[in-house]
Every structure is written in structure tokens, then in C-alpha cells.
1. Kindly evaluate Glu218 against the criterion of being acidic (Asp, Glu), under 19 Å from Trp143 (Cβ atoms) and in contact (Cβ under 8 Å) with a residue 60 or more places away in the chain.
2. Kindly evaluate Phe83 against the criterion of being of a type outside the set (S, T, N, Q), under 22 Å from Phe213 (Cα atoms) and in a loop (DSSP other than H, G, I, E, B).
3. Could you grab me the full set of residues in the range 171-194 that are under 18 Å from Asp151 (Cβ atoms) and either in contact with a strand residue (DSSP E or B) (Cβ under 9 Å, 6 or more places away or on another chain) or of a type in the set (S, T, N, Q) (or both)?
4. Can you confirm whether the range 110-125 contains a residue that is open to solvent by 60 Å² or more (accessible area, probe 1.4 Å), outside any loop (DSSP other than H, G, I, E, B) and within 24 Å of Thr259 (Cα to Cα)?
5. Out of all the residues in the range 139-175, which are more than 15 Å from Ile220 (Cβ to Cβ) and open to solvent by 90 Å² or more (accessible area, probe 1.4 Å)?
6. Can you go through Ala318, Ala314, Ala297 and tell me which one is in a loop (DSSP other than H, G, I, E, B), surrounded by fewer than 19 Cβ atoms within 10 Å (Cβ to Cβ), without any contact (Cβ under 8 Å) to a residue 24 or more places away in the chain and not polar (S, T, N, Q)?
7. Taking into account only those residues within the range 327-347 that are of a type in the set (A, V, I, L, M) and in a strand (DSSP E or B), which is nearest to the chain's Cα centre (by Cα)?
8. Kindly indicate the residue of the range 239-287 that is in contact with a His (Cβ under 8 Å, 6 or more places away or on another chain) and part of a loop (DSSP other than H, G, I, E, B) and also farthest from Gly324 (Cα to Cα) among those meeting that condition.
Amino acid sequence: LATRATATRIMTSIGTHSGAFQADEALGVWLLRRLPQYKSASLTRSRDPDVLKPLTIVIDVAGLYDHDQLRYDHHQRGFFETFDGENKAARDGGRPDVTGPESATGVFKTKLSASGLVYKHYGREILCALQPTLRSSPDALEWVYTKMYRDFMEGLDANDNGIEIADQVRYKDGTSLPMRVARLNSRWNEPAGSGPTETERFEQASALCGSEFGAALEYIVECELPARSLVEEALQARHSVHPCGEVLCLSSGGCPWKTHLYELERSLGVEPLVKFVLYPDTAGMWRVQAVTVEGTAFTNRLGLLEPWRGVRDAELAAKCGIPGAKFVHASGFIGGHETNEGALQMALKTIESSR
């Protein structure tokens, strides 16, 4: 039995195309290798259908997307699959039900690449292999699964499918993961036989992509996920800060709260929306920060009162009638006070004046 199991592991194989490589298939191979069934799989890089046909799983080549056959290409005519959409006709070569982002189902409209297909089908298992604590929390796993796609995978899908980040691009970014992977390919004027082999270069690219994926996931699980829990607790307790429910108080400064607040307000049906968030900074001052309108960087739901803006210390305390007030930014998006109670009063006076 041991010999048979060993033989099975040796026979398991991953295939992708040969020649110049991109971040897409380099990451896809790395992701597959996180799964126990492919951990020790051999890698074959070829464009020959006869070479690819007997392989266990093939990505980014062969012109077929079929999960049952473990084939995950995205180059074939008629293919348009998205992260959370369904388009079964695209799997069998028939005319797709979805022809582009305008008719795609689900929230995400970006066409998947090969690594996107791998992530769609195996992402939850991969995440649990890399961050085992996720196994014990299905809700956290689902949130991280979607968050990781939005923050990391979708950009790679778009890049590999030639989708610009904006209709009018102002500059070229030469520091992205796809650009760094591209530079690992052999150069056109490099003497034959010099430097690493193509396979060695591909393995370097795959390791680079995996390192980036792992770091992004670690940040989401170890930083963003605890922040989300903290924001949710604060949101549930907002009426204990003040009955109006429009002021949130966080016990820790530096917590990334904005995205979590927007998502949680929607999921919990919060009304009225939160206008200000209080938190202590590293120097012990209490900040009162306006919540921006979702999707904007500088438009506040409600800014601190205009007469306070750009004023500091004693002059500010006199203007607002709150002793201990320290400053208000010229744009009104943030202010500071010596105490939590004083920061709360700055928020409440602003809210009351807007009624």
C-alpha cells in the first residue's frame, strides 16, 4: 500500500504552457502546490496537446475550461467566467450565456485568468492550508475568501486579460507583480545557455508570486480580520457612546476601520449612518474623524464645523466652547481633544448643528 501511495504521488502532475511566463500561471501553479493532492506533483511546461493530455491538472493552456476534467484555460473563444458568477456554457465550448461584464452575474465583473479559476474552485481550501485558524470560522473564511479576491486576485485577472485599470491611464506602473515576474524571463539578447534555465526562472517567478500572495493573506487575517471584529463590536455598541448612534468609539488607534464600517453598516442595516469615529492616537490625544462618503477619498458625510477649521489650542477651545480642544484640520475631516469626552462633544456639537 505504501508503494502504491508513493507511486500515486509521483504520477500526479501539473501542466502549464512553455515559453515566456506571466504572473498568472506562475501564481496558479504555486496555489495548486498548497493543496495536499498536488504538493508533490511534477510540473510539465508544454504547448503540445499530446504532452498535456495525460497530465492530472492543466492551467492556462489547452483551450478548455472544465472543472470536472481539471482543465483551467481562459484563452478560448467564448470564455467569460467571473469570480462569483455562473456561466456554464463557457465550460463546454458552446455559446456563452455571459458575453462580457455588462451581462455577468454576481458582484464581480472581471474575467478570470487561469489563477483566478484556480482560486475560484480551490481558494477556500488553499486559504485554510495557509491560515489553519480559518477552518474553525466559516464566516471569517468566507469574508477572507472574497476580500483576498478583491484585494489581490482580481487585479491579476484583469492584467492577464488585458483590462486597463481605468479608461484613461495617466502613467505606467513598473512595480506591479506582473511586471516583476515579466523581468524574470530570459532576455532577448542573453547568450544561449547562460543564466538559469527557463524552468528555473519559472520556479523563481512562482515563488515570488507565492510570497506576495502569502503576505497579502497574512495581512488580511492578522490585521484586517481583527480590525473588522473591533469595528463590528464598536458599531453594535454605538448607542452606548451616545443615543443618536452616529458616533463610533474605537479603543485602539491605527485600526483600519473605513472599509469595514461601510460593509458592516450595509449588512446590519444601520440607520442613521455613522458620522464620526473617535480613537486615541499614539500620543494619547483623542481624535474625532469624519466618515467619508463611500467611494470617495475626501467627501465627508459631515465635516467638523467650519468656524473651527484650521484653528488650534486655546483659540479653538474658545470658539467651540469645549476646554481641552487641540485642533481641527483646515478641511474639517479630523480634529483632536485631550480627552475622549471632549472629542465626543466636538462630534455631537457638529451633528446637532446639522439638524
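The values are calculated or read from the model by the stated rules, or taken from the named source; none is laboratory data. Keep in mind that what you see is a predicted model, and the values were worked out from it rather than measured. Please note: Cβ atoms are built from the backbone with ideal geometry, for glycine as well, and neighbour counts cover all protein chains shown. These area figures cover heavy atoms from the full protein model, side chains too; ligands, DNA and RNA do not enter into them. Shrake-Rupley method; radii C 1.70, N 1.55, O 1.52, S 1.80 Å.
1. Numbers: acidic (Asp, Glu): yes; under 19 Å from Trp143 (Cβ atoms): yes; in contact (Cβ under 8 Å) with a residue 60 or more places away in the chain: yes.
Against the criterion (acidic (Asp, Glu), under 19 Å from Trp143 (Cβ atoms) and in contact (Cβ under 8 Å) with a residue 60 or more places away in the chain), Glu218 qualifies.
2. Values: of a type outside the set (S, T, N, Q): yes; under 22 Å from Phe213 (Cα atoms): yes; in a loop (DSSP other than H, G, I, E, B): yes.
So Phe83 passes the test.
3. Of everything in the range 171-194, those that are under 18 Å from Asp151 (Cβ atoms) and either in contact with a strand residue (DSSP E or B) (Cβ under 9 Å, 6 or more places away or on another chain) or of a type in the set (S, T, N, Q) (or both) turn out to be Thr175, Ser176.
4. From the range 110-125, those open to solvent by 60 Å² or more (accessible area, probe 1.4 Å) are 124-125; that's our starting set.
Then keep just the ones that are outside any loop (DSSP other than H, G, I, E, B); that gives 124-125.
If we keep only those that are within 24 Å of Thr259 (Cα to Cα) too, we end up with 124.
Among the residues of the range 110-125, at least one is open to solvent by 60 Å² or more (accessible area, probe 1.4 Å), outside any loop (DSSP other than H, G, I, E, B) and within 24 Å of Thr259 (Cα to Cα), which makes the answer yes.
5. Step one: list which residues in the range 139-175 are more than 15 Å from Ile220 (Cβ to Cβ), which gives 156-175.
Result: Glu164, Ile165, Asp167, Gln168, Arg170, Tyr171, Lys172, Thr175.
6. On the way: Ala318 fails: in a loop (DSSP other than H, G, I, E, B); Ala314 fails: in a loop (DSSP other than H, G, I, E, B).
From the options Ala318, Ala314, Ala297, the qualifying one is Ala297.
7. Here is the first cut: in the range 327-347, the ones of a type in the set (A, V, I, L, M) are 328, 330, 334, 343-344, 346-347.
Applying the additional criterion that residues be in a strand (DSSP E or B) yields 328, 334.
Details: Val328: 33, Ile334: 27 Å.
Restricting to residues being of a type in the set (A, V, I, L, M) and in a strand (DSSP E or B), the top hit is Ile334.
8. Among residues in the range 239-287 that are in contact with a His (Cβ under 8 Å, 6 or more places away or on another chain) and part of a loop (DSSP other than H, G, I, E, B), the one farthest from Gly324 (Cα to Cα) is Gly245.
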